[in-house]
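The block underneath contains the structure these notes are about, expressed in structure tokens.
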Amino acid sequence: MIGARLAFIPPMEPKLVAKPPEGGDWIHEIKLDGYRVQVVINSPEDIQVFTKSGADWTTKFTGIVEAARELGVENAIIDGEAVVPNGAGLPDFNALQKAVHNDPYAMIMGAFDVLHLEGHDLRDISCKGRREMLYGIIKPNSRIQFSESLPGDAKAIFYLADQAGLEGIVSKRADSKYRSGPTTNWLKTKSWTVDEFELLGVEREQGKAAFALLAEPGTRNYVGSAFITLGRDMKERLWKRVQEHAGPPPKAVNMKKRPATQWVGPGVKLRVKHLRGDHSHIRHASLLGFSDEE
């Protein structure tokens, strides 16, 4: 309704898939490794920035608020990702986490959708049409940048993104309407990487999957857990090493209490496959084996 005050709208959430979709009816963009944000403009003097869950983080994104004011629109809702680029121009999630609490001008926004614009609800317009409208209001050299679509075959785009060290790509049906919540009209394909981590302990609760608790080598700082889906022989060798290196819980481990965990001392290093991203919090991880058995 024209004239009504705009408010946060729960975002449309892409489904994670193993490979990008084929066909020419998709728009492919780089998946930015940052925080999903929504900019709600009710007037140039009334601009808010919300997180994916709807938390008001306006004061943490002062630079993006000022960039939104410079767009010259009276009201809009813009969907995108806040990132902090590193020296190579790639999103640095660790730098973003620090900047959110220390530097409200460090972030830039990759804008990829517009839900409302100048009194009009655009959610029933096609994704391609909405993006064309969004492109028309973005200013050059701004902290709000347009997330460009990438031409060409989806497999080739994903390969190049992977080789460049990016987190992956997001593919969107060009004719899709904007609908809050999980959807298969938007798909995300993420890059995987293999790294070495130190084993802190193994969590084994009866009737549940076993997890390896991991730290960056030499730090003993918890960075996440990995499913233990190894074969029987490898599992037996893992349990043997856990017993041989049994020790007390790490003193400064930054995680909740885990009573079902068998802790180990330093020395057990593992190869772990996980989604590419920040090492301070690994995601969707699984064990591949021991580092000294490569």
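The values are calculated or read from the model by the stated rules, or taken from the named source; none is laboratory data. Keep in mind the model is a prediction, meaning the values are calculated, not measured. Quick reminder, even Gly has a Cβ in these numbers, built from the backbone with ideal geometry, and neighbours come from all protein chains shown.
From the list Glu81, Glu66, the lone residue that is in contact with a strand residue (DSSP E or B) (Cβ under 6 Å, 6 or more places away or on another chain) and either at pLDDT 95 or above or at positive phi (or both) is Glu81. Exactly one residue out of Arg220, Arg241, Arg204 is free of Cβ contacts under 8 Å to residues at least 60 places away in the same chain, surrounded by fewer than 19 Cβ atoms within 10 Å (Cβ to Cβ), among the charged types (D, E, K, R) and touching a Gly at 6+ places or on another chain (Cβ under 9 Å): that is Arg241.
Number of residues in the stretch 140-184 that are in a strand (DSSP E or B) and closer than 29 Å to Glu66 by Cβ equals 6. All of Ser142, Ser149 fail the test of being touching a strand residue (DSSP E or B) at 6+ places or on another chain (Cβ under 7 Å) and either closer than 26 Å to Phe93 by Cβ or among the acidic types (Asp, Glu) (or both), apart from Ser149. Going by what's in this entry, would Gly168 be described as under 27 Å from Arg283 (Cβ atoms) and either buried (at least 18 other Cβ atoms within 10 Å of the Cβ) or more than 22 Å from the chain's Cα centre (by Cα) (or both)? Criteria met by Gly168. Taken as a whole, the condition of being in contact with a Leu (Cβ under 8 Å, 6 or more places away or on another chain), part of a loop (DSSP other than H, G, I, E, B) and under 28 Å from Ala174 (Cβ atoms) applies to Asp33.
Taking the stated definitions as given, is Gly247 modelled with pLDDT of 85 or more, over 30 Å from Glu22 (Cβ atoms), within 19 Å of the chain's Cα centre (by Cα) and of a type in the set (Gly, Ala, Ser)? Criteria not met by Gly247.
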